[in-house]
Structure formats: structure tokens, C-alpha cells
Amino acid sequence: MQHWGVGYGLWATAFSILNMHPLAPPLLSGSRRALARAITLAESTRPEHEQQAQALLAEVLPHAGNSLRVGLTGVPGVGKSTFIEALGLRLADAGHKVAVLAVDPSSPVSGGSIMGDKTRMPQLTVHPNAFIRPSPSSGSLGGVTRRTREAITLCEAAGYDVLLIETVGVGQSETQVAAMTDLFLLLTLPNAGDELQGIKRGIMELADLCVVNKADSDPAAANRAQSELNSALHLLTPRGARWQPRALQASALTGKGIAEVWDAAQEYRRTLGDALALRRQSQLLGWFDELLREAVWQRFLNAQNTDDLTARRREVQAGTLTPVQAVAALLGAAKSPTAGAGL
Ligand code: GDP
């Protein structure tokens, strides 16, 4: 702590002269402490921190991108943290640098089961090749996903080559995590009959791999679940033409099947090849569009007389104005540069 404080001060002086962010060099050389500090900076909502974080991100961006980004979802209790611990340890022992991030905008509602504390992955937490970051605890889904995307960049710049991004199986966060990862993995339970009904079709459609976890608890049921899932996956339209999503089975508790899941992930990566880079590009553009939409909307609201907005909404509700007329009326009246921008 002490040592870092002194070092940071010196760096701050030296690199502010060179116009570099002082966290960039230690981050790029793989310091976990610098990575943690950089993520904290990116999570801060103070305007001066946001500026610094953006400068840092821009600086390290050329060093990011060299990882396999794996999204993981599944209902609470399916075994996500046990699975991440098992897979993460195996990879970290093999020399990979593994970062675990989480997206959980729903914690106050769902009871906050996800990534609340690091005791859920006790061995991985202390492994020198691993970095675990709990979910930013508050904020809108947009805010949480932005911070996670930035954390991805920072982890990659720090040399992490496997990113495991966990989300809980509720709400919209799966779509968001699928939109920032290369491979999306759905964990399910052996009682697939009930499970299949419980899993939203939308989430199945996002999955590149399904893993029936806890196969040790009921091997026969796990076999059935695996084949039912495989049939269901065949009926869905795959996300890309090159890969047919498939179901596997594993036991995060005993470790059986975990190596096969990683083999399948590697096969997926090889099979997709260049398509993965294209997918990342379109994810980035998607994110850009989303940010732009939010920013333009915010700017519009700032420039908008709220009484006008309320009045138009009432007219639309009452059926005295069509939505199209209402939008035209508002944009005509708005003082902001968004007026006439074809919103
Ligand atoms: P999460 O809420 O999805 O993160 O689930 P956890 O990883 O906390 O696991 C929930 C419970 O299931 C814990 O008691 C685990 O020990 C147990 N569990 C996880 N994976 C397995 C498994 O493969 N087999 C068995 N039998 N139990 C498991």
C-alpha cells in the first residue's frame, strides 16, 4: 500500500509531464493493484475521474483485445461460481491469466446473489494468475454494462487472456453480456424438463454452448437433459452460420467435464476464426450506437420544456394526436441541435 502510494505519486508527476496517465505503465506491465485502481477510476461518476478514465482507456486500448471473452449465465444456484472457480483454476494453473467480472444490475431486486463477495471463489481469488472483480453494485443496466466493457479493456491491457463475465439469469443483462463477449455459455441443471420451460427462449438463442452442470448428482437425468437441450438448440437459428450451438455436461464440484467445456470453447474459437473479429467490430458499433442514442436523448431532454413533453404525451394517450405528430411537434419546438435530426 505504502509502497504503491509513493510510486503512484512519482509516476503521477513524471507522466503528467509526458501527458500519460500514471496508471498506464503499471497496468500494462500487469500489476493487479494498478488494474483494480484503473477499474475503480472507470467506475467513478465524478467528472474529473471520468475524463481521466477515458484518457487512460484510450492509451491502453491498442494493448487490449487479446483475450477470449466468455459470458456465463444461469439461474441462481445452478453452480456459476463453482463452475468459474473450477474452470478458472484449471486455466490459471495452466498459465493463463484469468479475469472474472460480473454484470448484475438487478442485485437490489433479486437479493444480490451474484458476486457479492469473493468467498464464492476462494481458491481462484488468491491465485496469482487470477483477478476477480465484483459487479459494480449500483446503477442502471446501461451504466453497469459500460463499466464492465471498460473493465474488459483494462483487464486485457493488463495481460488477462481469458475473461469470464458472469451474469445472473434474470432480466436483460444476458443480452448485454452476450453483446460484449465472444462466447456465451448457459449453465443449466439436470432436470431439463422443468429447466427448458424455465429458460427463456431468448436466452437459449444467445447461447453458443450449454452446459448441464451438477451431472454428478443424477447422471441419467443429465444425459436426458443434454440430449433434450441439443434437440432444442438444433431448432433455434444459430447466431452465426459457422457454429452450431451444442450442449455438454459437467460437474463443477468434481471437475468432470470441465476440460471438455474448455476444449469446446477452443474449437469454437478456431471455427469462428475471423468471424470473431467481425463480431467484436459489430459489438463495438452497436455499443457506439447505443451510447449515441442515449446521449442524443439526454440532450433532447435537457433542451426540452418538460411541460410540452407532458402535454404531448397526454395528447397521445388521449388519442387526440398521433405519436408521429407528437414527435414532429416536439422536435419542431425543441431548442437543441437534435431538432430536425430525424429522431
Ligand atoms: P450460483 O448461484 O449459480 O453461483 O451457484 P453456486 O456456485 O453458488 O452453487 C450453488 C450450490 O450448488 C453450491 O452448494 C455448490 O456447492 C453446488 N454445486 C455447484 N456445482 C455443483 C456440481 O457440479 N455438483 C453438485 N452436486 N453440486 C454443485
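The values are calculated or read from the model by the stated rules, or taken from the named source; none is laboratory data. Predicted model only: the values in this text are computed from it and were never measured. Quick reminder, even Gly has a Cβ in these numbers, built from the backbone with ideal geometry, and neighbours come from all protein chains shown.
The table below lists the values:
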quantity: Members of segment 292-310 that are surrounded by fewer than 14 Cβ atoms within 10 Å (Cβ to Cβ) and in a loop (DSSP other than H, G, I, E, B); calculated: Asn305
quantity: Filter result (in a helix (DSSP H, G or I), of a type outside the set (Gly, Ala, Ser), crowded, with 17+ Cβ neighbours inside 10 Å and touching a Gly at 6+ places or on another chain (Cβ under 9 Å)) within segment 213-246; calculated: Glu228
quantity: Every pair of residues 6+ apart whose Cβ atoms lie under 6 Å, when the first sits in segment 241-260 and is more than 23 Å from Gly273 (Cβ to Cβ) while the second is acidic (Asp, Glu) and within 16 Å of the ligand (Cβ to nearest atom); calculated: Ser251/Asp216; Thr254/Asp216
quantity: Breaking point among (1) crowded, with 18+ Cβ neighbours inside 10 Å; (2) over 18 Å from Phe131 (Cα atoms), for Ala34; calculated: (2)
quantity: Residues of segment 278-291 satisfying the condition of being of a type outside the set (Asp, Glu) and surrounded by 12 or more Cβ atoms within 10 Å (Cβ to Cβ); calculated: Leu278, Arg279, Arg280, Gln283, Leu284, Gly286, Trp287, Leu291
quantity: Unmet requirement for Arg313, which otherwise passes all of (1) in a helix (DSSP H, G or I); (2) at pLDDT 90 or above; (3) of a type outside the set (S, T, N, Q); (4) under 30 Å from Ile84 (Cβ atoms); calculated: (4)
quantity: Some residue of segment 270-292 being within 33 Å of the chain's Cα centre (by Cα) and on the phi > 0 side of the Ramachandran plot; calculated: yes
quantity: Count of residues meeting criterion [of a type in the set (Lys, Arg) and more than 20 Å from Thr181 (Cα to Cα)] in segment 245-286; calculated: 1
quantity: Those helices (runs of 4 or more DSSP H) lying entirely in segment 162-212 with at least 1 residues in contact with a Leu (Cβ under 6 Å, 6 or more places away or on another chain), modelled with pLDDT under 75 and within 16 Å of the ligand (Cβ to nearest atom); calculated: 192-198
quantity: Number of the condition not met by Leu57 [criteria: (1) surrounded by 14 or more Cβ atoms within 10 Å (Cβ to Cβ); (2) under 30 Å from Cys210 (Cβ atoms); (3) of a type outside the set (S, T, N, Q)]; calculated: (2)
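Residues are listed down the side, and each one gets a yes or a no for (1) more than 14 Å from the ligand (Cβ to nearest atom); (2) touching an Asp or Glu at 6+ places or on another chain (Cβ under 8 Å); (3) within 24 Å of Leu276 (Cβ to Cβ):
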residue	(1), (2), (3)
Ser44	yes, yes, no
Pro47	yes, no, no
Ala53	yes, yes, no
Glu59	yes, no, no
Gly65	yes, yes, yes
Val78	no, no, no
Thr82	no, no, no
Gly88	no, no, yes
His96	yes, yes, yes
